[in-house]
Amino acid sequence: MTDAARHRGGLVVPSGGDPLATATRKTMAAASSVSASSSHAQYLSRLIDFKQMDIQSALDQMKTLLSTRPHVVYKTSYYRKQTKNHWARDDPAFAALELIFLTISCIAYAISFRVPISEGIAFFLYSVLFHWLGFGLIIATAGREMANRHLTDTKSNSHVRQSVEWLYAFDIHCNAFFPVFVLLYGVQFFLLPLVLGKSLFALIASNTLYAGAFAWYWYITHLGYRALPFLSQTEVFLFPIAAIGLVYVLNLVGYPFGMGWNASRIMAHIYFD
């Protein structure tokens, strides 16, 4: 056997030109594309049929994300890949519940700040279309592209190049967004009298909530990509946590000099003043 040719079954096949391997890769790629399209269609069809959603499973996953073992949520993705040949959820119950919870919390905030109905609706649309959906579309697309272009393990023994599904990347966003929702739409609501104050303690409490929420988001994101066996160096998704920590410390250091920013007061000024 030389570098220029390989022998298989008495035939000489030029190196890099194995027609069987090429045909297999093309067939698997086509099958993967068809599977992804089918999965997206099924996801959207179930989104408008509440009876087809497994609400209890989604609630259990939400509880797990708030536990000390959030990585367990992604084990279901591995089982799904083995049985259905895709990583992403085909049940939109998790996303639907997040939308319902967001709606309820937006109503509570609008009532608490006593804003007009029009401003309450604007806050709801901003929370859903920008915070949840818009940010999710951007992060899912960017994360998927970076993973597929730069984090795919080229040393894998598999003859078929695997890639991150876009819907799975959006699942990761939904998972990561839930702790953000709990801290910034839930816990913060009950602490509004405290975190809207002008004291150092109010600043620390508010900024700790926001720093914890955003750091948690990127940690859950990291776990989602790390769960895929064909990716490597997924620690890059933890890098934003360092920036979050830096901003948090700078706010504390700058407080005595009038440069400390209370994240909750900024939020209230943007949406409700």
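Of note:
- Residue in segment 119-135 that is among the hydrophobic types (A, V, I, L, M, F, W, C), touching a Cys at 6+ places or on another chain (Cβ under 7 Å), open to solvent by 40 Å² or more (accessible area, probe 1.4 Å) and assigned to a helix (DSSP H, G or I) present: yes
- Annotation note: of Leu250, Leu246, Leu223, Leu228, the sole residue that is touching a Pro at 6+ places or on another chain (Cβ under 8 Å) and among the aliphatic types (A, V, I, L, M) is Leu223.
- Evaluation of Lys75 against the conditions (1) crowded, with 19+ Cβ neighbours inside 10 Å; (2) in a helix (DSSP H, G or I); (3) not hydroxyl-bearing (Ser, Thr, Tyr) shows that the sole unmet condition is (1).
- Only one of Gly224, Gly212, Gly260 that is open to solvent by less than 90 Å² (accessible area, probe 1.4 Å) and modelled with pLDDT under 95: Gly260
- Those helices (runs of 4 or more DSSP H) of segment 154-273 in which 2 or more residues are touching a residue at least 40 places away in the same chain (Cβ under 8 Å) and farther than 27 Å from Leu137 by Cα occupy 192-195, 200-226, 239-254.
- Residue check for Phe201: closer than 22 Å to Phe178 by Cβ and aromatic (Phe, Trp, Tyr): no
- Residue count for segment 88-116, restricted to those that are in contact with a Leu (Cβ under 7 Å, 6 or more places away or on another chain) and not in a helix (DSSP H, G or I): 2
- Filter result (open to solvent by 60 Å² or more (accessible area, probe 1.4 Å) and small (Gly, Ala, Ser)) within segment 227-250: Ala242
- Residue within segment 164-174 that is open to solvent by less than 20 Å² (accessible area, probe 1.4 Å), touching a Lys or Arg at 6+ places or on another chain (Cβ under 6 Å) and not β-branched (Val, Ile, Thr) present: yes
- Restricting segment 105-118 to residues that are of a type in the set (S, T, N, Q) and either in contact (Cβ under 8 Å) with a residue 40 or more places away in the chain or buried (at least 19 other Cβ atoms within 10 Å of the Cβ) (or both), the residue that is nearest to Gly186 (Cα to Cα): Ser105
- Options Arg144, Arg149, Arg80: the member that is in a helix (DSSP H, G or I), surrounded by fewer than 12 Cβ atoms within 10 Å (Cβ to Cβ) and among the basic types (Lys, Arg): Arg149
The values are calculated or read from the model by the stated rules, or taken from the named source; none is laboratory data. Because the structure is a prediction, the values reported are computed rather than measured. Because the Cβ atoms are built from the backbone with ideal geometry, glycine has one as well, and the counts that use them run over all protein chains shown. Ligands, DNA and RNA are stripped out before the accessible areas are found, and what is left, the full protein with its side chains, is counted by its heavy atoms. Shrake-Rupley method; radii C 1.70, N 1.55, O 1.52, S 1.80 Å.
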